[in-house]
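Below are the structure tokens for one structure; questions will follow.
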């Protein structure tokens, strides 16, 4: 439906006149101390566009809603549409992402009863559902279209949601550079509004810090966390403060400050435990467990309990990738407890969850599966699985994440006394961090001999 045409002054005036005549009223009957009869005449002729306050006053006298005068839509149809939209948004909050996507898509397939604000909410909801279902390319298509909407005003809540989601989707698709570029442009736009640091800054900053960490840009991540954490502490809600402590914990972890990282992440979990965002809480439990497994005094049993709690929640409200990450952490916990069968089970579950496309997490699961095979004396299976992980990893764009996986592969080869394979993996890890090989003087000597 063309909302611009339906809300033009001429169309609004025509609807007001039609209803007035139908009710047997004169222009003087619509007039008041604030609205003259001559002004009513100008509105009806389309020469003046009524303000929201005038439209509300006229709607009361014409026994209809302001939305009906503005758009011409039937009030019952509008109410039914709003109920459907509320149902879709509730399904999204409860983690029923498939049902939410179906409801949003049905609304958008027949946008006739949707006014402009409702249409915008439905499109943002559709993009959110697609992202949560890990359909990132489809989500990006919707978000890119939304970003071009004139109604999406920089600084508005909807603009911030779309910008943050787009940055996050590109990052999770593997285009970390574009994700960071969008996040930095969004942060610069917020700064350009001349406001103090706001909750919107915190939302954008949380995503941007995560992207910096994925790129290995620890200094920028640390500086941004230092800028935003005091503001989150003073002005943010529990969820906003929890998100910032979560990211500060990730920064501390990247700087190898494990005790500080664990303390910050546990504080984030305490702040967000009372929040109704079950997905965030589950991810925080997973982070705390991950840190517990890597602290100086690991507690694999406590980590296992936290991860099982997180897994139960993520099955209901998490994405497939988040569920797979939880399964991989459960592999680590069970390996520390020497529960080999359980570790294999969780590694296979992670791979099944990631079957829809190439993911760095699938490589993590395969490396762990190879380790278990080798520890149990299943050498052939272990070596085949490790080679498969290395082949798959070679197709990924070099990054901080791929460097970590190459290092892990190298360590497994080293423990098997396979020096050649270990050195090759370590070399790949160095190249992924952007560190080139040193110049070989023997090459120059060989060239001189050839001359």
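Given the conditions (1) part of a loop (DSSP other than H, G, I, E, B); (2) surrounded by 15 or more Cβ atoms within 10 Å (Cβ to Cβ), which single one is not true for residue 13?
For residue 13, the failing item is (1).
While we're here: Can you confirm whether residue 392 is more than 23 Å from residue 325 (Cα to Cα) and either without any contact (Cβ under 8 Å) to a residue 60 or more places away in the chain or surrounded by 19 or more Cβ atoms within 10 Å (Cβ to Cβ) (or both)?
no
Now a separate question. Looking at the structure I just gave you, is residue 122 buried (at least 20 other Cβ atoms within 10 Å of the Cβ) and either closer than 17 Å to residue 165 by Cβ or modelled with pLDDT under 80 (or both)? Reasoning before the result, please.
Numbers: buried (at least 20 other Cβ atoms within 10 Å of the Cβ): yes; either closer than 17 Å to residue 165 by Cβ or modelled with pLDDT under 80 (or both): yes.
When the stated conditions are applied, residue 122 passes them.
If you don't mind, there's one more thing I want to ask. Looking only at residues in segment 399-414 that are assigned to a helix (DSSP H, G or I) and within 26 Å of the chain's Cα centre (by Cα), which one is surrounded by the most Cβ atoms within 10 Å (Cβ to Cβ)?
We begin by selecting, within segment 399-414, every residue assigned to a helix (DSSP H, G or I); these are 400-414.
Going one step further and asking which of them are within 26 Å of the chain's Cα centre (by Cα), we end up with 400-405.
On the way: 400: 18, 401: 21, 402: 20, 403: 19, 404: 16, 405: 25.
Looking at the filtered set, the residue picked out is 405.
Sticking with this one: Name every residue in segment 375-387 that is touching a helix residue (DSSP H, G or I) at 6+ places or on another chain (Cβ under 6 Å) and either within 24 Å of residue 430 (Cβ to Cβ) or buried (at least 19 other Cβ atoms within 10 Å of the Cβ) (or both), in order of residue number.
382, 385, 386
I'm trying to understand the selection: among the residues of segment 12-70, which are closer than 23 Å to residue 116 by Cα, in contact with a helix residue (DSSP H, G or I) (Cβ under 6 Å, 6 or more places away or on another chain) and without any contact (Cβ under 8 Å) to a residue 12 or more places away in the chain?
Selection gives 56, 59.
Against the condition crowded, with 17+ Cβ neighbours inside 10 Å and without any contact (Cβ under 8 Å) to a residue 60 or more places away in the chain, how does residue 147 come out, does it pass? Quick ask: steps written out before the conclusion?
Values: crowded, with 17+ Cβ neighbours inside 10 Å: no; without any contact (Cβ under 8 Å) to a residue 60 or more places away in the chain: yes.
No, not satisfied.
What residue, of 32, 51, is farther than 18 Å from residue 9 by Cα and at pLDDT below 90?
32
Can you confirm whether segment 193-204 contains a residue that is at pLDDT 80 or above, surrounded by 15 or more Cβ atoms within 10 Å (Cβ to Cβ) and in a helix (DSSP H, G or I)? If you could, list the steps in order and put the result at the bottom.
Of all residues in segment 193-204, those at pLDDT 80 or above come to 193, 204.
With the extra rule that they be surrounded by 15 or more Cβ atoms within 10 Å (Cβ to Cβ), the set shrinks to 204.
In the following step, the residues that additionally are in a helix (DSSP H, G or I) were identified as 204.
Within segment 193-204, one or more residues are at pLDDT 80 or above, surrounded by 15 or more Cβ atoms within 10 Å (Cβ to Cβ) and in a helix (DSSP H, G or I).
The values are calculated or read from the model by the stated rules, or taken from the named source; none is laboratory data. In this text the structure is predicted, and so the values were computed from the model without any measurement. All Cβ positions, glycine included, derive from the backbone under ideal geometry; neighbour counts span all protein chains shown.
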